[in-house]
Structures are given as structure tokens and as C-alpha cells.
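Colleague: One structure follows; several queries about it will come next.
The values are calculated or read from the model by the stated rules, or taken from the named source; none is laboratory data. If you're wondering where the values come from, they're calculated on a predicted model, not measured in any experiment. Positions of Cβ are backbone-derived with ideal geometry, glycine not excepted, and every protein chain shown enters the neighbour counts.
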Amino acid sequence: MTEKKLEQPTGRFALTHGRVILPTKIVTNQAVIIEGSRILGIADIGSLGSDIEQVDVGGRYIAPGLIDIHTHGALNHDFNEGTFEAFAAITQENVARGVTSLLATVSTAPIPDLLRSLECSRQWMREPREGTQVLGVHLEGPYFSLEQRGAQDPKNIRTPDDGTADLLLEYHDVIKIMTYAPELPGALALTARLVRLGIVPAAGHSSARDEDVRTGIQAGLRHVVHLWSGQSSTVRQGPWRKPGLLEAALVFDELTAEMIADNKHLPPTLMKLAYKCKGPDQLCVVSDATSGAGMPEGTRFRMGEMEYEVHDGVGMVLDRTGFAGSTTLVNQMVPILTEVVGIPLVEAIRMATLTPARVIGVDDCKGSLGAGKDADIAIFEDDWTAWRTMIGGRWVYAR
């Protein structure tokens, strides 16, 4: 159901009779008060005046809208297509899951195709749209290690010193994160350039050793994508053990990190290890969803020229030798975090809201139910399906 078909509150109103999820606790008998596009604050229900319209959410969870900073697609569409049709399908599916903000994540492709996707993102963001807000682009590639490419297209993998970064960074106004292998030729210069442009430099699909990561951090490297996926790990060189990107990401406090919590990419023990090492304020949950998200078992889907399949609840390459992104959206990951990994609910929600907001620098206005923040709110059932979704104080989805 779209916003035009929903009855919208007018003036100042309050969401009542819900379990309100704050960054450190869950409260009841409290109301979330909203006026216009902003949250005014949290107050005792008994203190509400008769002039405030009350919206009873029937005991459901009232949470900040989820934020996914690494998601490629859904419903047989991905952001690499660079079309409004694809953006509309993906954002409408996400808003129906309680995701109120995302980064349109674009994977390795020919440079003209990447430029088309970036231009589409720029045009899409110029005016309000139905569906989840696109806050910018996460450019995942094309500067990767061939050995750690995962499902990225090997024909289009490059190095940062080949001059193509100049073309891509003409879109620095919409790029929020750029992921690359920090050990490649030209990577340090790229890191420094991203910092100057206000883009988050992120390591991924990399064969880096920890000394490469240390040098990258000195240049401004801040973030690491999908732990264990496309990452070098400890190797032996003679008698010496040499840590890789994975160990550096888990240990270095200067780096935030992502975890794909679909219970497919990582078994519970590894998810628990990531949580113990990084904690909820440095570890964010991401879907890394591909166009297979929301599609039935056996569906074939594509990213660029590469074809994959939904198999056993996850995206896989056709020969079953590797994963090709997830088919699980962020709301479905919350019960995995709480029931399988054992993370307290308030921390699991923080990993899907405030922490990713902080990674991309929008935590001043998004990511929690604080006074003055955008009224981006999701109302969830106990199974973490979305009952209603609000963006900027207006209902944009109702089940």
C-alpha cells in the first residue's frame, strides 16, 4: 500500500501502546511524539494532552527505521541496471520490510555501466520517491583482488591506478561508501582522495595483509565490508604467521565492519566471534541482498553479465562453489541475531539502525528515536515482519 492510500496523521501526533526500542533499552507506557517530519521526543502516555492525536500500535514494537548500507537488489532487479524501474522495485520491497534508508549498492561492471548506475542514482535522489529513501551509493568495486573476487565479475576487475577512478568520482556527490582492496597499486592515493571528498573508504574483496591495512588506516581507511566474505586471512610464510584483512578488521578499533546475518554466509560461531570482537557500536548488520531477494527457490538471477541461483535460501554461483549475495533482507536478520547469535534485542536493532547511520555520517538525523531526528519509524510484529513504515512523519507502507 502506498502513501497516497494511507490515512495520514495531521498536526502533532503520538504513537502509543507499543514497545519502544531506544538505543539502550525497551520501554512501555511511553509515546513517541511526532510533529511534521521530526520526532519531538518520548513521553509518558498519561501526560499526553487531548490535542494530540494518538495512533495505537497494538503492543507491537516501535523501532527506528532500519538502515541497510550494503544492498544490491530484490525481486529480480538490482541497482546495476541503472533504471528507475529497478530502483522502484527494490525500494518498495525494502520499505515493506521496515527499511527506511539504504545505499544503492553497485557491484563490479564495465565503467560505462557503473557511470549509468551512478547517474540514475543522482537523478533518483533529486526528488522524493515512494519506497525506502536512497541516501547515496555504495560502490562495491571494481578495484578488487582477483583471488578474493567472490561473485564479482572477473572480466571487469581493475586497479585504482588505471585512471578510471577519475570518471567514477565525478559522482562524489552521491557516493557514500567505496569498497576496494587496499593493497592494490594506487589504493593509498585513492583512500586519501575519498577522505577529502567525504566518502567512506572501505576494504573488501582483498588479499591484504595486516600491514596493508595499517597503512590504509593511516591514510583514512575506516570500514570493512562483509566479514569473512572475500577477505584474506592468516597465512604461513615460512615459520611466520601473517594476519590478513579478516584479523585486522576484527582487531583494529579504527575500523567499523559489516556482517551478513542471514545464517548462511556465516555459521553462528563466526557471527558470535564478530560480535565479541567488534561489539554493537562497531559492527553493523547488512543484507548484501541481490536481485534474488524475495524470489522463490531455484530462481535464476543476474548481476551484470553473471548469472546465479537462489539455492538453499541464499544466492549461489551455479556450480555451488560460492555464495552470490544473500536473499534475506535486514528485518529477517533481527531474529537470527537475537535467537541464533544471542545478541540482546536493543543491540541487534542498534546494529541495523544507529551503527550503520554512524558509519555513513547520518546519525545526527537518523538511526534512533531521539528528539529532533527524522520521523523514520517502523512498527514490527513479534516475528519482525513490518506492520507499518513511516518516513519523514508520513506512513509509506501498511500491511
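Colleague: Every residue in the range 174-192 that is under 23 Å from the mean Cα position of the chain (by Cα) and more than 17 Å from G244 (Cα to Cα), please. Before you say what the answer is, go through the steps one by one.
Modeller: Residues of the range 174-192 that are under 23 Å from the mean Cα position of the chain (by Cα), as a first pass: 174-182, 190-191.
Listed by number, the residues that qualify are V174, I175, K176, I177, M178, L190, T191.
Colleague: In the range 68-104, how many are of a type in the set (S, T, N, Q) and more than 14 Å from the chain's Cα centre (by Cα)?
Modeller: Here is the first cut: in the range 68-104, the residues of a type in the set (S, T, N, Q) are 71, 76, 80, 83, 91-92, 94, 100-101.
Applying the additional criterion that residues be more than 14 Å from the chain's Cα centre (by Cα) yields 76, 80, 83, 92.
The qualifying residues number 4.
Colleague: Taking P280, is it of a type outside the set (A, V, I, L, M, F, W, C), assigned by TED's automatic domain parsing to the domain that holds H223 and either surrounded by fewer than 17 Cβ atoms within 10 Å (Cβ to Cβ) or outside any loop (DSSP other than H, G, I, E, B) (or both)? It would help to see each step written out before you state the result.
Modeller: On the way: of a type outside the set (A, V, I, L, M, F, W, C): yes; assigned by TED's automatic domain parsing to the domain that holds H223: yes; either surrounded by fewer than 17 Cβ atoms within 10 Å (Cβ to Cβ) or outside any loop (DSSP other than H, G, I, E, B) (or both): no.
When the stated conditions are applied, P280 does not pass them.
Colleague: What pairs come out if I take residues in the range 225-242 that are in contact (Cβ under 8 Å) with a residue 24 or more places away in the chain and assigned by TED's automatic domain parsing to the domain that holds Y275 and pair them with residues that are of a type in the set (S, T, Y) and in a loop (DSSP other than H, G, I, E, B) whose C-beta lies under 7 Å away, six or more apart or interchain?
Modeller: Pairs that qualify, where the first residue is in contact (Cβ under 8 Å) with a residue 24 or more places away in the chain and assigned by TED's automatic domain parsing to the domain that holds Y275 and the partner is of a type in the set (S, T, Y) and in a loop (DSSP other than H, G, I, E, B), are S232/S207; K242/T234.
Colleague: Also, quick follow-up: Among the listed residues A165, A104, A109, identify the single one that is assigned by TED's automatic domain parsing to the domain that holds H223 and within 22 Å of V362 (Cα to Cα).
Modeller: Details: A165 fails: within 22 Å of V362 (Cα to Cα); A109 fails: within 22 Å of V362 (Cα to Cα).
Criteria check complete, one pass: A104.
Colleague: Something else about it: Between G244, G186, which is touching a Phe, Trp or Tyr at 6+ places or on another chain (Cβ under 9 Å), surrounded by fewer than 22 Cβ atoms within 10 Å (Cβ to Cβ) and under 17 Å from F144 (Cβ atoms)?
Modeller: Numbers: G244 fails: touching a Phe, Trp or Tyr at 6+ places or on another chain (Cβ under 9 Å).
Unique residue meeting the criteria: G186.
Colleague: Tell me the residue from I34, I69 that is at pLDDT 95 or above, under 24 Å from E381 (Cβ atoms) and assigned to a strand (DSSP E or B), please. Outline the logic, then answer.
Modeller: Working: I69 fails: under 24 Å from E381 (Cβ atoms).
None of the others qualify; the one that does is I34.
Residues are listed down the side, and each one gets a yes or a no for (1) assigned by TED's automatic domain parsing to the domain that holds R116; (2) of a type in the set (A, V, I, L, M, F, W, C); (3) under 30 Å from I33 (Cα atoms):
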position	(1), (2), (3)
V285	yes, yes, yes
M306	yes, yes, no
T353	yes, no, yes
A378	no, yes, yes
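Colleague: Scan the range 253-286 for residues that are touching a strand residue (DSSP E or B) at 6+ places or on another chain (Cβ under 9 Å) and closer than 22 Å to D212 by Cα and report the count.
Modeller: The qualifying residues number 10.
Colleague: As an exercise: evaluate Q123 against (1) of a type outside the set (D, E, K, R); (2) at pLDDT below 95; (3) not assigned by TED's automatic domain parsing to the domain that holds Q8 and give the number of the one condition it does not meet.
Modeller: Checking Q123 against (1) of a type outside the set (D, E, K, R); (2) at pLDDT below 95; (3) not assigned by TED's automatic domain parsing to the domain that holds Q8, the one that fails is (2).
Colleague: Taking the range 128-187 only, how many residues are under 26 Å from P356 (Cα atoms) and part of a loop (DSSP other than H, G, I, E, B)?
Modeller: Looking only at that region, the number is 20.
Colleague: Looking only at the range 315-340, which residues are in a loop (DSSP other than H, G, I, E, B), β-branched (V, I, T) and in contact (Cβ under 8 Å) with a residue 24 or more places away in the chain?
Modeller: Step one: filter the range 315-340 for residues in a loop (DSSP other than H, G, I, E, B), giving 318-322, 327-329.
Filter again for β-branched (V, I, T), leaving 321, 327-328.
Correct list: T327, T328.
Colleague: Let me ask something else about it. Name the residue, out of I90, I111, that is in contact with a Gly (Cβ under 8 Å, 6 or more places away or on another chain) and either crowded, with 24+ Cβ neighbours inside 10 Å or over 21 Å from R300 (Cβ atoms) (or both).
Modeller: Values: I111 fails: in contact with a Gly (Cβ under 8 Å, 6 or more places away or on another chain).
None of the other options fit; the residue is I90.
Colleague: While we're here: Can you name the residue in the range 294-341 that is touching a helix residue (DSSP H, G or I) at 6+ places or on another chain (Cβ under 7 Å) and either within 24 Å of A378 (Cβ to Cβ) or at pLDDT 90 or above (or both) and is also surrounded by the fewest Cβ atoms within 10 Å (Cβ to Cβ) among such residues? Walk me through it before giving the result.
Modeller: Within the range 294-341, the subset touching a helix residue (DSSP H, G or I) at 6+ places or on another chain (Cβ under 7 Å) is 294, 303-304, 329, 334, 337-338, 340-341.
From what is left, the residues that are either within 24 Å of A378 (Cβ to Cβ) or at pLDDT 90 or above (or both) are 294, 329, 334, 337-338, 340-341.
On the way: G294: 22, L329: 22, V334: 24, L337: 24, T338: 17, V340: 15, V341: 20.
Top of the filtered list is V340.
Colleague: Here is a further query. Checking D312 against (1) in contact (Cβ under 8 Å) with a residue 24 or more places away in the chain; (2) touching a Phe, Trp or Tyr at 6+ places or on another chain (Cβ under 9 Å); (3) farther than 30 Å from T28 by Cα; (4) of a type in the set (D, E), which test does it fail?
Modeller: Against the list (1) in contact (Cβ under 8 Å) with a residue 24 or more places away in the chain; (2) touching a Phe, Trp or Tyr at 6+ places or on another chain (Cβ under 9 Å); (3) farther than 30 Å from T28 by Cα; (4) of a type in the set (D, E), D312 comes up short only on (2).
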